[in-house]
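Coordinate-derived values only; no laboratory data. From a predicted model like this one, the values you see are computed outputs, not experimental measurements. Methodologically, a virtual Cβ is constructed for each residue, glycine included, from the backbone with ideal geometry; neighbour enumeration extends over all protein chains shown.
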Amino acid sequence: MTETAAVTAATRATVPQDAFRAALLDASHPIPSGLRDAQDRPAGRRYAVYRNNVAVSLREALATGFPAVAKLLGEENFNHVAGLYLRQNPPDSPVMMFYGASFPGFLETLPALSGLGYLGDVARLELAMREAYHAADAPALDPARLQGLEESALMAARFALAPATRIVTSPWPALSVWRYTLRPDQPKPAARAEDILVTRPEFDPEPHLLPDGGARFVLALQSGASFGTAIDAAGDGFDLPQMLGLLLKTGAITDLST
Amino acid sequence: MYDLSPSLPPLPGVGYKPQHFAALMDDPAPVGWLEIHAENYMGDGGRPLAQLNALAERFPISVHGVGLSIGGAEPLDRDHLARLKTLVDRINPASFSEHLAWSTHDSHFLNDLLPLPYTAATLARVADHIALVQDTLGRQMLLENPSSYLAFAESDWSETDFLKELARRTGCGLLLDVNNVFVSATNLGYAPQGYIDAFPLDAVGEIHLGGHDEDEDDHGLPLLIDSHGRAVADPVWALLDITLDRTGARPLLIEWDTDVPDWPVLAEEARRAEAALSRVSAGVKA
C-alpha cells in the first residue's frame, strides 16, 4: 500500500462487526464505507455477495428441512416466506440441523397463509421427523420381556421410549397432506383431525397415524406415567393391542421397569 | 507443543457427502482420506454418526469446522467448543481445521464465512481464540486462508503476514486453500503467485482445492465467488503446481459442496489431484 493510501486508510472509519452484521440481513441498511474494492471504491456488489450467501444458505436450509411446506407453497412463495422468517429469526446456533424450530409457529402468524390452516402442523411434522433423524440411538425392547408379566406388574410398569419418538397432534389432516405432497399415489386428504407418531426403527424416521387416544397414551408414557395410567389417559375406545403392536414393531419402546 | 499425530497422509482427499457413502465404502482405494464438516455431526445419533463411525474405521478423517467464528469480535461460544471437543474426542481425527473468518455475532449464526480486517487488535483476538481452541482440544489446529470479495480500509497487515504471525504466536498450522488464493487475488487485483511467495509455506499442513463461480462487480471487473459448486478451474490447478513445487506433497482436498456430482465426477477430480501430487513426489518440476 502506498503512503498516501495508508494515510487515507488510517483516517477512514473502521468497520466493527456490528456494522458489518447490521447490513447483512437488511438490504436497506447502508453498506459500511470502510469496505472497499481494490481501487479503494465502495464495496457495492462485493458486499452483496455476503448478503446473498447468508440469505440463500439459510433459505436453502429451511427448504431442506421443510420439503413439504416448500412444495405446498411453491418456490416463489416459499422463498418469500423463508426470507421473512430468516431475517427475523437467524439461527441461534452453528448446528444448522436444528434451524427452524420456530418456523411452524411463524407460518401461523402470516395472514397471507391463513387459508392454509394445516401448514403449521405439516411443518411441525417435518420438524419432528428431522429431530427424530438426529436423535440418540437406542435398541428396541425385546418383546419377550412383556411375556409372563403379571397383569398387575404390567399395569405398574413404566416404559422408556426411544429418544427419536415424537408426537404431533393436529386438528388438520397433517399426515395425509404431508404424504399427498411428498409421496406418489397417495389419496387426497380428507377433512379430519390427525394425531401422528414419529418413530425411527433404524435410521429413517417414519410417521404413523395414531388411533383415537394414542397420542395421549404415548405422551403419558413419555412423561413417565405407568402403563395403567397411560391406558386410562387414552380414554374409552382406545385400541391398546394395535397401539402396543405399533410401538413394539417400530422400536419405539426401548426398556421397561417394573 | 501439541501432539501432532495422527496426521493426514500427503494424498488426495475429498469432502465427504452422505450420497457418496456406498461408493466410498465399496471402492477398494477411492481416496487417501476424508474431510467432514464438524457441525453436521453434532446430533445425538442416527445415520450421520453411524456413517461417520464406519468411515473413521476405514479412512483418516479431517474434521473441518465451519461454525467456531474464530475471527469473531465476541468470545468463542463455549457450548459450541464443548460440542466440538465431544466430536474430536469421539473419533480422534487426523486433523482439525477452521477458518480465518467469523460467522456468529450477537448470538446469531449467519451461516457464512465473513471477513475481518487485519489489524493489531484483530490479530491479538484471533490468536487468543486459536489458543483457546488448541487448549480445549489438546491438539494443534490448522487455520485456513479465506476467500475475499472486498478489502477493509483499516487493514494494516497483509493477509500472509497476519497468518504467519498467528502461526508464530499460537503454534497453529495453516490450511492453504489455493482456490481461495486465486479468488481473492482476482477480486482484489493482485498476483496469486505473489501471495504464494509471501505465504509461510513451512506451516502448511493441508491444501484445499475447490471450484468457483464467475461474476462481475459494479464496475464490470471480475468478481469470483467461492461456491464449491463445480470442478476446480484450470488456473487454480496451475497455481497448485507452483505451490506444490515449494511445499512438496501435502494432504490435498477436493471440496465440492453445492450441486454435488455423482461419485465418478468427484473421483476424477481426486485423480487429477493425485497426478499433481505424484508429479511433485517424483521431483518433476511443473
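What does the charge add up to near B:Leu252, with Lys and Arg as +1, Asp and Glu as -1, over the other residues with Cβ less than 9 Å from its Cβ?
The answer is -1.
With a 10 Å radius around each residue's Cβ, average the other Cβ atoms per peptide and rank A:52-60, A:127-135, highest first.
Details: A:52-60: 18.8, A:127-135: 21.2.
The peptides rank, most packed first, as A:127-135, A:52-60.
Would you list the membrane-span-like helices of chain A, meaning whole DSSP H runs whose alpha-carbon atoms span at least 24 Å along their axis and whose mean Kyte-Doolittle value is at least -0.5?
A:45-65
How would you order B:26-32, A:163-169 from highest to lowest mean count of nearby Cβ atoms within 10 Å?
By packing density, highest mean first, the sequence is A:163-169, B:26-32.
In terms of modelled amide H atoms, which long-range or inter-chain residues lie less than 5 Å from the amide H of B:Glu35?
Close amide H contacts, sequence-distant or interchain: B:Val14, B:Gly15, B:Tyr16, B:Ser62.
If amide H atoms are built 1.01 Å from N in the plane of the peptide, which residues on other chains or at least 5 residues away come under 5 Å of the amide H of B:Ala101?
B:Ile70, B:Gly71
Run the numbers for B:Asp213 and B:Asp262: contour at 0.36 nm per residue of separation, minus the present Cα-Cα distance, in nm.
Once the chain is fully extended between B:Asp213 and B:Asp262, it gains 15.7 nm.
Taking the Cα centroid of the range A:44-114 and of the range B:45-117, what is the distance between the two, rounded to the nearest whole Å?
23
Sequence-distant or interchain residues sharing an amide H contact under 5 Å with A:Glu194, placed H: which?
Distant-sequence amide H within range of A:Glu194: A:Ser170, A:Trp172, A:Ala174.
I'd like the FRET efficiency for B:Asn92 and B:Leu201, computed as 1/(1 + (r/R0)^6) with the beta carbon distance as r and R0 of 30 Å, rounded to 0.05.
Approximately 0.65, to the nearest 0.05.
Along Cα→Cβ, 7 Å out, is where each label goes; now give me the distance between the ones at B:Trp157 and B:Arg230 in nm to one decimal.
Result: 3.4 nm between the two label points.
Relative contact order of chain A: what whole-number percent is it, with Cα pairs under 8 angstrom and at least 6 residues apart?
16
Measuring from a point 7 Å past the Cα of A:Thr258 along Cα-to-C-beta, which residues in the range A:210-236 have an amide N at less than 17 Å?
A:226-229
Dipole of the range B:12-281 (Lys/Arg Cβ +1, Asp/Glu Cβ -1, origin at the Cα centre): which of B:Ala238, B:Leu209, B:Gly171 lies farthest to the positive side?
After comparing all options, I get B:Gly171.
With +1 on each Lys and Arg Cβ and -1 on each Asp and Glu Cβ, how big is the dipole of the range A:111-240 about its Cα centre, in debye rounded to the nearest 20?
400
For B:Asp79 and A:Leu240, what does the FRET efficiency come to when R0 = 56 Å and r is the distance between their Cβ atoms, rounded to the nearest 0.05?
Calculated value: 0.85.
Nearest-5 percent of antiparallel DSSP beta bridges in the protein assembly as shown?
Rounded to the nearest five, the antiparallel share is 45 percent.
With a ≥ b ≥ c the root eigenvalues of the C-alpha gyration tensor of the protein assembly as shown, is it rounded (a/c under 1.5), prolate (a/b larger than b/c) or oblate?
Because a/c hits 1.5 or more and a/b exceeds b/c, the protein assembly as shown counts as prolate.
Report, for chain B, the % of DSSP beta bridges that are antiparallel, rounded to 5.
Percent antiparallel among DSSP bridges in chain B is about 20.
If I model a spin label at A:Phe203 and A:Ser223 as a point 7 Å from the Cα along the Cα→Cβ vector, what separation in nanometres do I get?
So the label points at A:Phe203 and A:Ser223 sit 3.6 nm apart.
Obtain the nm distance between the two label points defined at B:Leu221 and A:Ala63 by a simple spin-label model: each point lies 7 Å from its Cα along the Cα-to-C-beta direction.
Result for the modelled spin labels: 3.2 nm.
Would you list A:Asp18, B:Asp217 from fewest to most Cβ contacts within 10 Å?
Ranking A:Asp18, B:Asp217 by Cβ neighbours within 10 Å, fewest first, gives A:Asp18, B:Asp217.
What does the charge dipole of chain B about its Cα centre add up to, to the nearest 20 debye, if the Cβ of each Lys and Arg holds +1 and the Cβ of each Asp and Glu holds -1?
That gives a dipole near 1080 debye.
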